[in-house]
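Any read-out appearing in this document is the output of simple, stated calculations on the displayed coordinates, not a laboratory observation. The structure displayed is predicted, hence computed values, not measured ones. Positions of Cβ are backbone-derived with ideal geometry, glycine not excepted, and every protein chain shown enters the neighbour counts.
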Amino acid sequence: MVVEAVAQLVAVAAVVVSATGGTAWLVKSRPALEKDPDSAFWYGFAGLCIVAPAVLLTTAANRWAGAALAALAAATWLFCARLFAQVLASRATIRARQLDDAVRHSLAARQDAVALRWSRFELDPAAAIDFPDMSDIRVAETALLARAMAKAEALRYGPEQALAGYREAVAALEQAYRRAEWAAVEGRGQVSGDVAARLASP
């Protein structure tokens, strides 16, 4: 009889631990995924509907066993809630880092595109001859472009906290390039067909 009672108590305890742990996970994780804060209440209520009867029925049979079961449920909830909060925070950190990496990669591609377009004014002899201002840092717009390029390069491999600054630096670089190009190319009149095609090609 005692062995049977102990076996039943262990079985009920397993149900209580499983239900409490599962409820803690659902309450912590599902509302954010479902974008419904009210779902935390309903998941908690559903879990309580499983745990409470098990504790109450056990208490009716043996108050000490019921008290132990209630304490086990509370301890399980506290442990699982803390554990799952850490797990979810770790996942959020990983996702944020992945997003930051994707953003940084995109910004680096934009920076490289500006550098490539600028380099054509030096590597293409015709463009270098026709538009020397793009290589002359004594020209105000070109000097600004050079400083913007240096700033973007300095922030390119910076810490994660510098991502916002890198985004601003790349945007400033693109703007500086447009101004320098307009001053050196468009501001001086028509560009020959061959040169224009080479400068515009990706």
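Take peptides 86-94, 141-149, 112-120 and line them up by average Cβ neighbours within 10 Å, highest first, as a rough protection proxy.
On the way: 86-94: 11.0, 141-149: 19.4, 112-120: 15.0.
Averaged packing, sorted descending, gives the order 141-149, 112-120, 86-94.
Computing FRET efficiency as 1/(1 + (r/R0)^6) for A71 and R30, where r is the C-beta to C-beta distance and R0 is 45 Å, gives about 0.95.
Here the calculated FRET efficiency for D100 and F79, from their Cβ-Cβ distance with R0 = 35 Å, stands at 0.65, rounded to the nearest 0.05. Each label point was placed 7 Å from the Cα along the Cα-to-Cβ direction; for A14 and A162 their separation is 5.6 nm. Model label points for L116 and V87, set 7 angstrom from Cα along the Cα-to-Cβ axis, are 4.4 nm apart.
Remark on the chain: hydrodynamic radius 22.6 angstrom, per the Kirkwood mean of 1/r across alpha carbon pairs.
In percent, rounded to a whole number, the relative contact order of the chain is 16, using alpha-carbon pairs under 8 Å and six or more apart.
Placing one equal scatterer on every Cα of region 110-175 and applying the Debye formula, the log10 ratio I(q)/I(0) at q = 0.29 Å⁻¹ is -1.22.
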